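Q: Can you keep this structure in mind? I'll have questions shortly.
Just so it is clear, none of the values below were taken in a lab; they were calculated from the coordinates. Just so it is clear, the model here is predicted, and its values are computed rather than measured. Because the Cβ atoms are built from the backbone with ideal geometry, glycine has one as well, and the counts that use them run over all protein chains shown.
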Amino acid sequence: MGPMLACLFVPESTGYSTTEWIWVAVGFIGQGIFGGRLVLQWLVSERERRSVVPAAFWWMGVIGAVITLAYAIHRVDPVFIVAQAGGLLIYIRNLYFINLARTEGAAAAAGEGFAEAELVDAVIPYQPPGADQAASAPRARTAFADEPRESPRPSVAPSPDR
């Protein structure tokens, strides 16, 4: 472990050129950004008190993957290249879905569709057989995609013989 730490503080001990040290720094920066997305996701989830994956998580993935991919290409490491390129496609695809939802949400706000304001679920309280329907008319509660959901309720009323 000692020689590995020494190479971080005494660059001459590795035999690396200045260019190689720049590439090592690029690799560390890419990995730092890439790993930082997990810290970001953790902090946002703690603030929201639920698991949340913000768009910045995917942007940090793209930026970190591009930088790390450049480092992997420089190092001519096929395993690292394939791993970073494959992940990059996933991060870009998720950003596409986020943009699509925002675009549809803007269209819904303009009265062109239902995207963000789309009914996710309607909860109608269970009425036992023989209950006075007029006195206790069911009231529907609408939940929208951006609202936190309550605990799931059965969508089918239980049979009277239970």
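Q: ILE98 versus ILE29, label points 7 Å from Cα toward the beta carbon: distance in nm?
A: 2.2
Q: Moving on. Extending each Cα 7 Å along its Cβ direction at ILE73 and THR18, get the distance between those two points in nm, one decimal.
A: 2.5
Q: Okay, moving on. What does the range 2-109 give for Rg and for Dmax, in Å, if only its C-alpha atoms count?
A: For the range 2-109, the Cα-based Rg and Dmax read 18.1, 62 Å.
Q: Is the range 13-55 best put as rounded, prolate or oblate by its Cα gyration tensor, with a ≥ b ≥ c the root eigenvalues, rounded for a/c under 1.5, and otherwise prolate when a/b is larger than b/c, oblate when not?
A: Cα axes put the range 13-55 in the prolate bin.
Q: Additional query: Can you list the residues, at least 5 places off or on another chain, whose amide H is less than 5 Å from the amide H of VAL52, using H built in the peptide plane?
A: Amide H neighbours of VAL52: SER45.
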